[in-house]
Every structure is written in structure tokens, then in C-alpha cells.
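Heads up: the structure comes next, in C-alpha cells.
The values are calculated or read from the model by the stated rules, or taken from the named source; none is laboratory data. Because the structure is a prediction, the values reported are computed rather than measured. Cβ placement follows ideal geometry from the backbone for every residue including glycine, while neighbour counts extend to all protein chains displayed.
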Amino acid sequence: MAEFRVGDISVTRVVELAATGGSKFILPQATPEDVSRIGWLQPHFADERGRLKIAVQTFVIQTPDARILVDTGLGAHKQGRKVPHWNNRADPFLDMLADAGAPADTVDLVINTHLHVDHVGWNTVLEGDQWVPAFRKARYVMGRDDFNYWRDQQEDAEHRAVFDDSVAPIAAAGLADLVGDGDEIAPGVSVVATPGHSIGHMSILLRSKGEELLLGGDVMHHPCQIARPEWSSTADYDQNQSAQTRKALFDRLADAGTPLLGGHFTGAGRGRVRRDGASFRLDIM
């Protein structure tokens, strides 16, 4: 766990799964040789061999008014996932959240930056043979465009399974709130549209007492994409759009000085995007 402050808001990372290497399937352009050339990635984001470090995690946001989760990882007892070790997991994740100060029944809001497999898994838990909301007293906030797209698609079997076990039960329970660009979710917490990785991907902007932090979700999977915005993920809905979104976002963050924390960042995690010649770098805070 790692905790950051944004004015009166605290942000705590709770890591469900961390790995080094094995990311070729998600960022094939990020070869060890090319990653090693981006010197500032070590040691927080890459090892001495140029292998990427990456995490699946949830962010616990405590504001003066609400306890909020941003993204909910892989979940337990899920089936139909393409990555073998993402099936039938049994991590004590809810206990980890409680240790981070967020017992399940105290959570007010759950925000899904997008509806991919590794961001919605703990939305639900299995009771008997039924998937039920894991955070019974919470409202669940999802992007309107993402929700409508995944609700209606039938071709992608994995995403069909993800929607059916981790998203549809939330809607059926009447707990889903659909939002779009610029919407304020809670005081100091608002939506920034960052499409490309998914059709309705959104980042989350925190503001308090003159300070800001952008939770980027999967607008990038790894900080190497800050140096190489053109490196798009194999999981991106629209790789050209995701690259354009990254470049525009990094320009904005570099101008504003707003810190960034990516959905899969490891190590120190949070940093400021700076211009670095024709590209960008992340200066750890």
C-alpha cells in the first residue's frame, strides 16, 4: 500500500497483483532494449533488464464527504478470462481493503474508469450461484458510452462474461450511475474523458485546496508510454485514438503541472509529466 495526499483528500493504492515482465502481449513495442533506453523508468517502473513492472490495483479515495474506490481489479471466482491465472482467483482482497481503511460496507462510491476485466472484478462477489454487489451500500459510477457498448456487444466472449458477472448485476440491483465528460461525481471528484483504450474510457480528476491529481486509469498501461505516446496497447479499442488522447493529455498535464497516477503504475507511482525534447518524461514526486 502507498498513500498520497491531495489537499484534504487521501489516495491509498491497494495492489491485488504485481508482476515484472510478461507484458509483451499488452505492449509489444516496449521491448527490453527500447525500454532500457528510457533511463528514468528505472527502478520504479522497469528492472535493470528493461522488463516492465506493472500492477493490478484499486485506489481508495477518502474525501471529507465520501469513501470512494476507483477500479476494482480482477475479482474472485471469475470464469471465462483469457489469461489463465485471472480465473478462479481467491485473493483476500476485501480484507486488504479493510486494512486500508475501507471495509466493504463503508464504501460510498465505486468508480470504474472503464469496464475491462481487470478494472471491474471486485464489483461483485459470488453468493451461492449468484453474483451480487460486493459493496452493498455504494453507488457504482460507470461511463455511459462504455456501459452501452459492452451491454450490447455479443462478439467478444471474454467481455461478455465480464459484463455478465461484474457489471450487469450492479445494474440489476439499481446501483449503477452512468456519467460522461466533465460530470462531478462527488465534491472534488470529476470525470475527464480519455477515450481510445475503450470507447468511453474516463480518467478521474481530484481537486482539493488548490491541489490536483489525475487518476489516469488505462489511458496508458505503463509510464513508458509517456516517453512513447505512440506505443498503443493491444487491448486498445482504437489505437490511433488512444495515442492522440495520450499526446493531448500529456500536453495538458505538462502545462498545468497536475500530477498523474496511472492505473497500473508501480513503485512510487505518482509524478509530474514534463516535456523532454520532442516527448515527455515522468518526474517522481
Next on the checklist: Quick check on this structure: which one of R160, R144 is under 22 Å from S242 (Cα atoms), out of contact with any Lys or Arg (no Cβ under 9 Å at 6 or more places or on another chain), modelled with pLDDT of 95 or more and not aromatic (F, W, Y)?
Outcome noted: R144
Checklist entry - What is the number of the single condition among (1) closer than 20 Å to T113 by Cβ; (2) out of contact with any strand residue (DSSP E or B) (no Cβ under 6 Å at 6 or more places or on another chain); (3) surrounded by 16 or more Cβ atoms within 10 Å (Cβ to Cβ) that A76 does not meet? => result (1)
Checklist entry - Could you say whether any residue in segment 78-86 is of a type in the set (V, I, T), free of Cβ contacts under 8 Å to residues at least 60 places away in the same chain and closer than 20 Å to G263 by Cα? => result yes
Checklist entry - Of all residues in segment 167-182, which are under 17 Å from L69 (Cα atoms) and of a type outside the set (A, V, I, L, M, F, W, C)? => result D177
Item to check | Residues satisfying the stated conditions in segment 43-75, i.e. part of a strand (DSSP E or B), farther than 25 Å from C224 by Cα and out of contact with any Ser or Thr (no Cβ under 9 Å at 6 or more places or on another chain) | outcome: I68
Item to check | In segment 181-199, residue surrounded by the most Cβ atoms within 10 Å (Cβ to Cβ) [restricted to those that are aliphatic (A, V, I, L, M) and within 27 Å of Q225 (Cα to Cα)] | outcome: V189
Checklist outcome for this item: Considering segment 14-31, residues that are of a type outside the set (A, V, I, L, M, F, W, C) and surrounded by 15 or more Cβ atoms within 10 Å (Cβ to Cβ), and then whichever is nearest to G263 (Cα to Cα), we arrive at E16
Checklist outcome for this item: How many residues of segment 9-42 are in a loop (DSSP other than H, G, I, E, B) and within 22 Å of the chain's Cα centre (by Cα)? The answer is 11
Checklist entry - Hey, D146 hits all of (1) buried (at least 22 other Cβ atoms within 10 Å of the Cβ); (2) in contact with a strand residue (DSSP E or B) (Cβ under 7 Å, 6 or more places away or on another chain); (3) more than 16 Å from L17 (Cα to Cα) but one; which does it fall short on? => result (2)
Checklist entry - Within segment 226-240, is even one residue surrounded by 21 or more Cβ atoms within 10 Å (Cβ to Cβ) and touching a Pro at 6+ places or on another chain (Cβ under 8 Å)? => result no
Checklist outcome for this item: Scanning segment 235-278 residue by residue, those modelled with pLDDT of 95 or more, over 14 Å from M220 (Cβ atoms) and either assigned to a loop (DSSP other than H, G, I, E, B) or in contact with a Leu (Cβ under 8 Å, 6 or more places away or on another chain) (or both) turn out to be Y237, D238, G257, T258, P259, R272, R274
